[in-house]
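Comments concern the structure below.
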Amino acid sequence: MAEKQRWLRGVPLRRLLVVPFTLQALVAVSVVGSLSWSVGQRAVSDLVARLENEVSDRIVDNLRNFIETPHQINQANVDLVRLGRVSMAKMADWEKHLWLQVQRFPDINFIKITHADGRERTGEQLSDGSRTINVVDSYTQNNFHAYQTDRQGNRTQLLVEVPGYDGRTYSFYTNAVQAQQPTWSGTYISLLEPTLLMSASQPIYDEGQAVLGVASAALRLDGIGRFLRNLRVGKTGQAFILERDGNLVATSTPESPFRLVPQPNNRPPDRQRLLAQDSSDPLTALASQTLAAERPTLQRNRNWIAQREGQRYFVRARPFADDRGLDWLVVTVIPEADFLAEISANAWRTFYWCLVTLAVAVGSGWAIASWILTPIFELNHASKQILQGQWISVTAGARQDELGELARTFSWMVLRLQESFETLEQRVADRTGELETANREIAHLNACLQAENTRLGMELQIARRLQQAILPRQQEFANINELDIAAHVESAEEVGGDYFDILRENGTLRISIGDVTGHGLESGIFAIMAQTAMRTLTVTGETDGPKVLAALNQTMYQSLQRMGCDKSLTLALLDYHGGNLRIAGQHEEAVVVRRHGAIERIDTLDLGFPIGLVEHIDEFVAFRDVALQAGDVMILFTDGVTEAANCQHELYGLERLCTVVQKHITESAQSICQATVHDLRQHIGAQDILDDITLVVIKQR
């Protein structure tokens, strides 16, 4: 490495500037040429893909319109029967209708109505314009008769007779009856003309859904070939359609989709369907052979490149199907050579221009080097002087270009650096003092915050202990002989806003449950105040629930006004005496689950008004009596139970609560409460508890 550096020191700067510049130009020319060729290749692929998409889309659109015609004809004829315009009993009425109808559709070979008893009428037209009426009935002794017609559609001369004919045995009839909907008969070769046919069939039913017959229309498939031959697929590309078994349906080449096979003994040649891979056209055969393995099961568009005699061909196969049983493949083949000739010419032109650019770049590099070197040398000299502590500037002279601007900027920068060095020490000292003062202030604030957090934590802990201390104890539940009671209270924060209490005074058992708006310390204090007031009113001997609620509301309203607090409380009172519960006050629904599993939901919306919103609620308070039998269970809860959400934001819900209670109805109140809380926790999962939870289970012994 050291030897290489010493060698570079001996090379003139002018050469160091020009040689890399020349090498870069040479590399750029090579890269441009390579990219030009590769981009051309990708452009061919993109162009072919767009062309194949466009061609296949046009073919598919044409096919959809083309194959819809015979089904529309069948539907029109079925509608005539359904509306009573033509009767299936009078087959003769169909003759002129079918004869006129077939003339309107040049791609339709014949339109036929076949009765369930074997009678048949057909309107048929050939490509030369001649038309016949075909008849099968008792008059023809159930033989097939084809009649020539005059211009009015009247029979004139018997042309063909086929004895023992029964159209009900042919696929156009059996397929439609079996499918019970419009369907296709499959592709077959016409007996009278060199074309493929495909019959669309639709069953005809009476009002009782019994089969009256079948309407069918034969579609000439040579129209598809004419469309494909008029379609431009690149310069020399081709398109063809084949069935899943490989038989050719239509092609853009002059080739016929079937062959004439000579027969011995001077018999007429036999017409046989042509497999696409046996086609005499090399591109059709190539594409079909490479598709043969996937052809029966191909369900999506398939693009690939086939090769023949060193040439590449872009091939695309696209499935085409309908809901009536049609299942074809549309194949396009485009030679790569259709596009490469022009791309090769463009590549050579690009190469020649790159060589010219390289020569210009080398010559201009030497001239520009001289123009660049002079100010660079001056800047280098000035930089060395500054490193030695000598503050000098560079003169830009009369140059107004970028190098002149660089020299002026360098001189300005030297002056700024000189000023900065002179004032740097004082600014560092000032900034250090400011940082020390800020650190002291931050430390003091941290100490204050820690003290405040400790004080608030102790206050919340005292409030939580106080709230837990005034909750009913399990021993109080055990002293109640008539009822089996269990409860679960859980706060979302240190101090909850749910209210629950059980009081027994003057022979009456009073159960109260409520929910203060919000949660936290303020809501918890409000709940403690309400519980204290309720106990005071109960001890004074007031047994009327509505009066207790009215007095409690007035007391709490006045207290809230003095505190400037906007809290309120939903509260329900339940007075129990001798198997009867009297409910007063507005809260969540109360649920009674009878011992046999029946559920009664008690809406408390009209039994009171939230505590603390207005001063007087006497007119809003009412009560409702509920009788409990042995084994009946009443469930009281706050909205923290039914509105508990899991990680998917799904609520627990009242229905799920009732289901759990029903499942454990025969167990004790404590077991029911534990099962419900366990199911609730399973629902919440890893989600945080967002609201206070209170659940009370009361079971009549």
T69 part of a helix (DSSP H, G or I) and in contact with a Leu (Cβ under 9 Å, 6 or more places away or on another chain): yes
Among the residues of segment 572-631, count how many are among the aliphatic types (A, V, I, L, M), surrounded by fewer than 14 Cβ atoms within 10 Å (Cβ to Cβ) and more than 23 Å from T676 (Cβ to Cβ). 3
Residues located in segment 275-317, provided they are among the polar types (S, T, N, Q) and surrounded by 13 or more Cβ atoms within 10 Å (Cβ to Cβ): Q277, S279, T284, S288, Q289, T290, N301, N303
Within segment 262-300, can you find the residues that are without any contact (Cβ under 8 Å) to a residue 24 or more places away in the chain and closer than 19 Å to L329 by Cβ? D278, A285, Q289, A293, E294, T297, Q299, R300
Quick check on segment 75-99: of everything there that is among the polar types (S, T, N, Q) and touching a helix residue (DSSP H, G or I) at 6+ places or on another chain (Cβ under 9 Å), which residue is surrounded by the fewest Cβ atoms within 10 Å (Cβ to Cβ)? S87
Step by step: first the residues of segment 178-227, then only those that are among the charged types (D, E, K, R) and outside any strand (DSSP E or B), then the one that is farthest from E124 (Cα to Cα). Which residue is that? E207
Read through the list (1) in a loop (DSSP other than H, G, I, E, B); (2) over 53 Å from the mean Cα position of the chain (by Cα), then give the number of the only condition that S127 fails. (2)
In segment 228-249, is there at least one residue being surrounded by fewer than 21 Cβ atoms within 10 Å (Cβ to Cβ), hydroxyl-bearing (S, T, Y), assigned to a loop (DSSP other than H, G, I, E, B) and at pLDDT 90 or above? no
Could you give me the residue pairs with C-beta distances under 7 Å whose first residue belongs to segment 153-182 and is farther than 20 Å from W99 by Cα, whose second residue is part of a helix (DSSP H, G or I) wherever it lies, and which are 6+ apart or on separate chains? Y173/G167; P182/H71; P182/N74
Of residues in segment 560-616 being outside any loop (DSSP other than H, G, I, E, B) and among the small types (G, A, S), the one nearest to D632 (Cα to Cα): A590
So for segment 81-94 (the condition being in contact with a strand residue (DSSP E or B) (Cβ under 8 Å, 6 or more places away or on another chain) and either among the small types (G, A, S) or more than 22 Å from V211 (Cβ to Cβ) (or both)), does at least one residue qualify? yes
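The values are calculated or read from the model by the stated rules, or taken from the named source; none is laboratory data. Small disclaimer: the values here were computed from a predicted structure and weren't measured. Here Cβ is always computed from backbone atoms with ideal geometry, including for glycine, and neighbour counts include all displayed protein chains.
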